[in-house]
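Step one of this worksheet: look at the structure below.
The values are calculated or read from the model by the stated rules, or taken from the named source; none is laboratory data. Since the model is a prediction, treat every value here as computed from it, not as a measurement. Every residue, glycine as well, gets a Cβ built from its backbone with ideal geometry; the counts of neighbours run over all protein chains shown. Note: areas computed on protein heavy atoms with side chains; ligands, DNA, RNA excluded. Shrake-Rupley method; radii C 1.70, N 1.55, O 1.52, S 1.80 Å.
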Amino acid sequence: MAITIYKEPQGTILPAYNNAILEFGPDTGTAARALVTVGDYTFELSPNEGVFYINLKEVITLLFNQNAFADTVVVDVASNYVFPDANLYLEQEINLKVILYNGDTFTNTRTYAFLKSVQQQIHPLYTVDETLQLLTPSTDSAKYITYFEGQPFDVSIYANAAQEVTLTHVANGTTLTINVLKGVNRLFLSSGESTQGFEAVFPLYYGINQIELTTTTAGLVGTLFVTKKEVNCGVYLKWLNASGGWSYWRFKPYYEETLKTKTLNTINNDFYNLEEAQSGTFSTGKEAEVSLKISSGFLSEEEKRVVATLFSSPKVYYYHNNPEQAFSLTDWKEVEIAQGSYMVNNTRLRKTEFRPVITMPMQYTQTYAGGSIF
């Protein structure tokens, strides 16, 4: 006597923000109810023709996102450049219990692994390596990123087990072996400080660097093309991409800044004779919102694919520090991409330029306490 699984999520690693449907039932007898326990939550189900149905998506995303998508990883040691990120990976046990009308019970346990990612119905089709994945958008197994020297920058890597990964620079043969843990690891090409950390032992050329990733058990597991840009000024953003990792882009230093204001309240002050009156009304203050209209510059197909994920990202940060300085968490200020329609692809153009509008952090204004004196 056992529980039969009729349908379950497929794949060794699942996108947390897509449906994760589980259908099950007893292989004998008549089921009365079932209990599904996920973490601290237990759900009681009724059968439909002897089969129980549950979509794990809501509870998984609740358990997965206790920190509201925040990035809490800091590069605190200059000589270290690989940091595990528990916020981007979840391995969850699902406990099933079926109770029959005669009182018999059956149990089963399933375990699923999730990335903080989402996948669309129409998406690139290519074979995904189960050993190692580079979490950046792509149309094939080769990944393309643009690294801005002097700014914090990392690559998110999923590994199916703790292991050694060897990086090989194809152009000059330089190799570097890093240790990754099971789950998502952040390989920081830079903490902002250019002369320490990763590039001190694995220097990158300006322009395109082809890096192959290999393991002793699986051989070649991925190819990463890193386009390195020189130190420069600009509006630097970081956001959670749809692949479940973090992406970066340095927008042009030229932008349009807009200040939008709104009066909080107007108080009647018309209590004087005309010859004594100075003001019939007065304002308790204003609230203000600053937004920046920025430009990405012209993007290649690979760059466009990465930057386009900015518009639907649930978490976007603005970098507030000088170039070539090691960062701290407080250097990243949360902003939002203004709602609206954005052109993210035009097949008639070889290159595309994005012009997002970002809403800056709350502006402090001079107001009466509480916005009103009454």
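Annotation: Asn269 fulfils all but one of (1) of a type outside the set (Lys, Arg); (2) touching an Asp or Glu at 6+ places or on another chain (Cβ under 7 Å); (3) farther than 29 Å from Glu193 by Cβ; the unmet one is (2).
If we scan region 183-190, do we find a residue that is open to solvent by 50 Å² or more (accessible area, probe 1.4 Å) and small (Gly, Ala, Ser)? No, region 183-190 has no match at all.
A single member of Glu193, Glu164, Glu149 is out of contact with any Leu (no Cβ under 8 Å at 6 or more places or on another chain), closer than 27 Å to Val307 by Cβ and open to solvent by 40 Å² or more (accessible area, probe 1.4 Å), and it is Glu193. Mind listing just one residue for me: the one in region 127-165 that is among the polar types (S, T, N, Q) and touching a Lys or Arg at 6+ places or on another chain (Cβ under 8 Å) and, of those, farthest from Trp249 (Cα to Cα)? Among those that are among the polar types (S, T, N, Q) and touching a Lys or Arg at 6+ places or on another chain (Cβ under 8 Å), it is Asn160. Annotation: of all residues in region 125-145 being small (Gly, Ala, Ser) and more than 17 Å from the chain's Cα centre (by Cα), the one that is nearest to Ile208 (Cα to Cα) is Ala142. Contact map, region 1-28: residues that are under 21 Å from Gln133 (Cα atoms) paired with residues that are open to solvent by less than 60 Å² (accessible area, probe 1.4 Å) and acidic (Asp, Glu), Cβ distance under 9 Å, separation 6+ or inter-chain. Pairs shown: Ala20/Glu8.
All but one of (1) closer than 22 Å to Leu329 by Cβ; (2) part of a strand (DSSP E or B) hold for Gln196, so report the exception by its number. So Gln196 meets the others, but not (2). The number of residues in region 71-103 being open to solvent by 30 Å² or more (accessible area, probe 1.4 Å) and assigned to a loop (DSSP other than H, G, I, E, B) comes to 11. Determine whether region 259-277 contains at least one residue that is more than 27 Å from Thr139 (Cβ to Cβ), of a type in the set (Phe, Trp, Tyr) and more than 28 Å from the chain's Cα centre (by Cα). Yes; the residues of region 259-277 include at least one that is more than 27 Å from Thr139 (Cβ to Cβ), of a type in the set (Phe, Trp, Tyr) and more than 28 Å from the chain's Cα centre (by Cα).
Of all residues in region 38-49, those that are open to solvent by 90 Å² or more (accessible area, probe 1.4 Å) have Cβ atoms under 6 Å from Cβ atoms of residues that are not in a strand (DSSP E or B), 6 or more apart or on another chain, in Tyr41/Val59.
Is it fair to say Ser117 is within 29 Å of Gly192 (Cα to Cα), touching a helix residue (DSSP H, G or I) at 6+ places or on another chain (Cβ under 8 Å) and part of a loop (DSSP other than H, G, I, E, B)? In short, no.
Checked against the criterion of being of a type in the set (Gly, Ala, Ser), open to solvent by 80 Å² or more (accessible area, probe 1.4 Å) and over 21 Å from Ser138 (Cβ atoms), region 332-345 has at least one qualifying residue.
Of everything listed in (1) more than 23 Å from the chain's Cα centre (by Cα); (2) modelled with pLDDT of 95 or more; (3) of a type in the set (Asp, Glu), the single unmet condition for Asp154 is (1).
Of everything in region 24-45 that is under 22 Å from Leu62 (Cβ atoms) and not aliphatic (A, V, I, L, M), the residue that is nearest to the chain's Cα centre (by Cα) is Gly39.
Taking region 205-271 as the region of interest, the strands (runs of 3 or more DSSP E) fully inside it that hold 2 or more residues being surrounded by fewer than 15 Cβ atoms within 10 Å (Cβ to Cβ) and among the hydroxyl-bearing types (Ser, Thr, Tyr) are 256-263.
Assess whether Tyr318 counts as being assigned to a strand (DSSP E or B) and open to solvent by 40 Å² or more (accessible area, probe 1.4 Å). So Tyr318 passes the test.
Selection of region 107-127 for residues being surrounded by 10 or more Cβ atoms within 10 Å (Cβ to Cβ) and of a type outside the set (Phe, Trp, Tyr) yields Thr107, Asn108, Thr109, Arg110, Ala113, Leu115, Lys116, Ser117, Val118, Gln119, His123, Pro124. The combined condition, being at pLDDT 95 or above, over 18 Å from Tyr81 (Cα atoms), under 23 Å from the mean Cα position of the chain (by Cα) and among the aromatic types (Phe, Trp, Tyr), is not fulfilled by Phe148.
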